Amino acid sequence: RAWRRILARGSSRRYYLEPRPRESGFWKGVVEDSDDYMDKHWATSSGIPAFRIDAAGTAGGAAYLHHRHIHQFPKHQCKPAESSNFRELYMFLVALREYGHLWRGQRVLGRCDNTTAVSVINRQGTSAPRLHKFAKRIIALARRLKVELAATHIKGELNILADRLSRFVRRFDSADWMYDP
């Protein structure tokens, strides 16, 4: 019965027939454009917006066009309480929250240096319960925004902007503050 319901609904993912045959693999994060091209244009040559994310031990970073976002993870999501895979995947949710309104009704490509997070996004799930929980939240938000999300791997040494954002630490300095006498 469950399979009958699933199959009767049809696929929730569109098939895109691209002029370049290799790019018909969008749902696997396959694009022919170089990292340099996507860095310069924040999109693929087919016009698909491309953003970057990264996560470190206590913070994550997301970048798209001139927008930059730093996300501080609460202590229970920081290293060692949660895995780097969790934090990298969580940044896809953060990016959708921050930039999703700009992508409404479009395909979007997330670029990430964590292969596990890339795989979870492209497969729309995983057998790891903790990661699957967040994959479902990401998919639900993407559907509400009418955003079709895929991910591609970018080498860590090329993911400089998002990496720097994820390692940015803002300290609160109260040394010059005082109550008005």
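The table below lists the values:
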| quantity | calculated |
| --- | --- |
| Positive-end residue, region 29-69 charge dipole about Cα centroid, Cβ charges, pick of 48, 34, 63 | 63 |
| Whole-number percent relative contact order across region 107-154, with pairs defined as alpha carbons under 8 Å at least 6 apart | 61 percent |
| Exposure of residue 36 as accessible area (Å², to 10), given a probe of 1.4 Å and all protein chains | 120 Å² |
| Pairwise FRET efficiency - residue 36 versus residue 130, Cβ, R0 = 25 Å, nearest 0.05 | 0.10 |
| Whichever lysines have a C-alpha closer than 21 Å to that of residue 75, once near sequence neighbours (fewer than 8 apart) are set aside | 133 |
| Cβ charges +1 (Lys, Arg) and -1 (Asp, Glu), total dipole of region 32-162, debye | 780 debye |
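The values are calculated or read from the model by the stated rules, or taken from the named source; none is laboratory data. Predicted model, so just to flag it, every value in this text is computed and none were measured. With ideal geometry, Cβ positions are generated from the backbone for all residues, glycine too; neighbour counts draw on all protein chains shown. Please note that ligands, DNA and RNA were not included when accessible areas were found on the heavy atoms of the full protein model with its side chains. Shrake-Rupley method; radii C 1.70, N 1.55, O 1.52, S 1.80 Å.
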